[in-house]
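First the structure, in the form of structure tokens, and then the observations on it.
The values are calculated or read from the model by the stated rules, or taken from the named source; none is laboratory data. What you see is a predicted model; the values in this text were computed from it and never measured. Every residue, glycine as well, gets a Cβ built from its backbone with ideal geometry; the counts of neighbours run over all protein chains shown.
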Amino acid sequence: MNQTTVVDAAFESQRAHKPSRVSCTVDFGADGKQFGYMTVPHSRDDSAWGSIQIPIIAIKNATGPTILFTAGSHGDEYEGPIALMNLARALDPAGLAGRVILVPTLNLPAIRTATRLSPIDGRNMNRVFPGSRDGTVTEVIADYVHRTLVPLADVVVDLHSGGKTLSFVPSAVMHYLDDPGLMDRTAAALKDFGAPIGLILRELDTQGMLDTAVEEMGKIFISTELGGSGTSTARSVAVAERGIRNMLHHFAILPGAPVPPEATGEPPTRMMATPEAECFTICADAGILEMAVDLGTEVKAGDLIGRVHFFEEPARAPVPYHAKISGMLLSRHMPGLIQRGDCLAVIATDLA
Ligand code: CA
């Protein structure tokens with residue numbers, strides 16, 4: 001153990017023994033339904049002893065597993081908050097065997113401003129895990145989730161969509177995991193979510209994600225990419241609502257079997273993956289994006305997927321972007337303007 005490790009270990013031990021700065025009005029051990037708040041201290045110019053109050057709902061009955069649903073980690077994604085608020089009001093505790101904890105608007109300050117990042121500290125909620133009790137507001141919230149809510153849960157479902165700058169074919173998502181048992185159990189839940197796409201994702205950057213923090217605790221973690229463009233649609237909300245109820249059926253917190261898409265005349269869940277870097281097309285130009293194919297289109301390697309136009313130099317030919325692999329256009333950059341370094345498109349391939 002070197003000097004740095006000793007110092008880190010001492011710091012970690014000290015951190016672990018200081019309580020979270022978040023207080024919560026919900027009693028997680030109580031039966032029934034409780035609508036409460038997590039109170040995060042936030043002293044500021046317009047509120048000296050002020051706080052941020054993040055809604056949290058706990059619904060518990062009998063014995064069974066605990067499922068934690070979170071949404072609104074990014075403030076410009078809407079299917080998750082809508083579906084979780086609807087579920088919180090609709091669920092009858094008497095019908096449950098277990099506990100459901102719902103946080104529909106985890107990054108409440110970002111929800112208020114419809115921004116991906118917190119307007120208070122500029123942090124990305126899904127890049128600050130495990131968080132810090134002594135950190136910024138976003139880090140303090142993440143610390144509470146990591147040390148209090150996740151340990152209560154057997155499974156965590158974190159609902160995302162593409163936000164203002166991406167749009168997806170509605171997908172339930174898991175990651176490639178090193179533990180084969182956990183991978184199998186997670187894949188079974190992913191399939192039962194019943195989204196149009198069940199996606200096994202290779203993240204571009206996993207640092208600070210809730211996903212990684214939960215997976216490292218050996219718990220099942222399911223995420224989603226339900227739509228995007230900074231809004232929601234009737235279809236994307238319907239996929240979210242069916243999916244979260246299916247998770248309650250899958251983990252036997254609600255009786256009955258999950259409802260597959262086929263039950264409503266839709267195609268079965270298509271299991272896909274983004275196993276390699278070639279799935280992601282990153283833009284190297286700034287300009288107006290012209291898509292050549294729309295979401296859900298099957299493409300072959302070499303097909304034109306889009307072009308970037310130089311609107312201040314109309315004589316200059318647009319730069320073409322071609323599919324690097326064959327598959328389906330799962331996600332695209334959404335605003336009309338694109339910059340160098342933006343994700344232009346994601347192509348997914350069918351699972352073998
Ligand atoms: Ca997101």
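Read through the list (1) over 25 Å from Leu201 (Cβ atoms); (2) surrounded by fewer than 21 Cβ atoms within 10 Å (Cβ to Cβ), then give the number of the only condition that Arg127 fails.
The failed condition is (1).
Provide a single number: the residues in the range 108-145 that are polar (S, T, N, Q) and assigned to a helix (DSSP H, G or I).
3
Can you tell me which residue within the range 215-227, out of those that are part of a strand (DSSP E or B) and within 16 Å of the ligand (Cβ to nearest atom), is surrounded by the most Cβ atoms within 10 Å (Cβ to Cβ)?
Among those that are part of a strand (DSSP E or B) and within 16 Å of the ligand (Cβ to nearest atom), it is Thr224.
Assess whether Glu290 counts as being touching a His at 6+ places or on another chain (Cβ under 9 Å), farther than 30 Å from Val155 by Cα and either hydrophobic (A, V, I, L, M, F, W, C) or not in a loop (DSSP other than H, G, I, E, B) (or both).
So Glu290 fits the description; yes.
Being away from the ligand (no atom under 14 Å from the Cβ), surrounded by fewer than 21 Cβ atoms within 10 Å (Cβ to Cβ) and farther than 28 Å from Leu289 by Cα is true for just one of Asp134, Asp143. Which residue is that?
Among Asp134, Asp143, only Asp134 is away from the ligand (no atom under 14 Å from the Cβ), surrounded by fewer than 21 Cβ atoms within 10 Å (Cβ to Cβ) and farther than 28 Å from Leu289 by Cα.
In the range 267-308, which residues are under 22 Å from Ala172 (Cα atoms), at pLDDT 95 or above and loosely packed, with under 14 Cβ neighbours inside 10 Å?
Those that are under 22 Å from Ala172 (Cα atoms), at pLDDT 95 or above and loosely packed, with under 14 Cβ neighbours inside 10 Å: Pro267, Pro268, Asp294, Gly296, Glu298.
What do you reckon, is Gly336 surrounded by fewer than 17 Cβ atoms within 10 Å (Cβ to Cβ), within 23 Å of Leu201 (Cα to Cα) and not assigned by TED's automatic domain parsing to the domain that holds Val173?
So Gly336 does not fit the description; no.
Is there any pair linking a residue in the range 249-269 that is assigned to a loop (DSSP other than H, G, I, E, B) to one that is surrounded by 12 or more Cβ atoms within 10 Å (Cβ to Cβ) and aromatic (Phe, Trp, Tyr), with Cβ under 9 Å and at least six apart or on different chains, and which?
Correct list of pairs: Pro258/Phe193; Thr269/Phe193.
Which residue, of Leu152, Leu166, Leu182, Leu190, is within 21 Å of Ile57 (Cβ to Cβ) and modelled with pLDDT of 95 or more?
Just one listed residue meets the conditions, Leu152.
Within the range 336-352, how many residues are within 13 Å of Glu290 (Cβ to Cβ) and in a loop (DSSP other than H, G, I, E, B)?
Selection size over the range 336-352: 1.
Within the range 10-107, considering only strands (runs of 3 or more DSSP E) that don't extend past its boundaries, which have at least 2 residues that are more than 23 Å from Arg123 (Cα to Cα) and within 16 Å of the ligand (Cβ to nearest atom)?
By residue number, no strands (runs of 3 or more DSSP E) qualify.
For the range 293-329, enumerate the residues that are in a strand (DSSP E or B) and of a type in the set (Val, Ile, Thr).
Val299, Ile305, Val308, Val319
Name every residue in the range 155-177 that is touching a helix residue (DSSP H, G or I) at 6+ places or on another chain (Cβ under 6 Å), in a strand (DSSP E or B) and in contact (Cβ under 8 Å) with a residue 60 or more places away in the chain, in order of residue number.
Hits for the range 155-177 are Val156, Val157, Asp158, Leu159, Ala172.
When residues of the range 293-317 are filtered for being closer than 27 Å to Thr349 by Cβ and not hydroxyl-bearing (Ser, Thr, Tyr), how many remain?
Residues meeting the conditions: 15.
Taking Asp205 and the conditions (1) among the charged types (D, E, K, R); (2) surrounded by 20 or more Cβ atoms within 10 Å (Cβ to Cβ); (3) modelled with pLDDT under 95, which numbered condition does it fall short on, given that it satisfies the others?
Unmet for Asp205, out of (1) among the charged types (D, E, K, R); (2) surrounded by 20 or more Cβ atoms within 10 Å (Cβ to Cβ); (3) modelled with pLDDT under 95: (2).
I'd like the full set of residues that are farther than 23 Å from Ala352 by Cβ and either more than 13 Å from the ligand (Cβ to nearest atom) or assigned to a loop (DSSP other than H, G, I, E, B) (or both), limited to the range 178-214.
Asp205, Thr206, Gln207, Gly208, Met209, Thr212, Ala213, Val214
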